[in-house]
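Note sheet for the following structure.
The values are calculated or read from the model by the stated rules, or taken from the named source; none is laboratory data. Remember, predicted model here, so these are calculated numbers, not experimental data. Every residue, glycine among them, receives a Cβ derived from its backbone with ideal geometry; neighbour counts consider all protein chains shown. SASA here: full protein model, heavy atoms, side chains in, ligands and nucleic acids out. Shrake-Rupley method; radii C 1.70, N 1.55, O 1.52, S 1.80 Å.
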Amino acid sequence: MSSPAWESTWPRPRIAPISSPATRVVQHACSDSRDLGHSYVGTGHLVLGLLLDEKGSGGRVLADPEVHLEQARAETRRWCC
């Protein structure tokens, strides 16, 4: 089956390159989603990905002695997953 003629005249969307930190966050989010038995990656998984990225802003927040990774993960999972 061929595409309609008008479809070939539409401009293709440009996709911005993703940075290394963003790639790490998405990889963490995908891994956490899989660990939870989910077939999707939602906003909650992305929050967990941010928390797990030690080199990024989420990781810096976790460097605060008042913030505990497992507590943050449990709360995020309770909130969204």
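Which far-off residues, 5 or more places away or on another chain, put their amide H under 5 Å from the one on Asp53, with H placed in the peptide plane?
Those lying under 5 Å, H to H, from Asp53 are Gly59.
Can you sort Glu54, Glu70 by 1.4 Å-probe accessible area, starting with the largest?
Working: Glu54 155, Glu70 115 Å².
I get Glu54, Glu70, largest accessible area first.
Using a 1.4 Å probe and ignoring any ligands, DNA or RNA, find the accessible area of Val26 and quote it in Å² to the nearest 10.
For Val26, the solvent-accessible surface is approximately 60 Å².
Which distance in nm do the two modelled labels at Arg60 and Gln27 give, with both placed 7 Å along the Cα-to-Cβ direction?
With each label placed 7 Å out from Cα toward Cβ, I get 2.1 nm.
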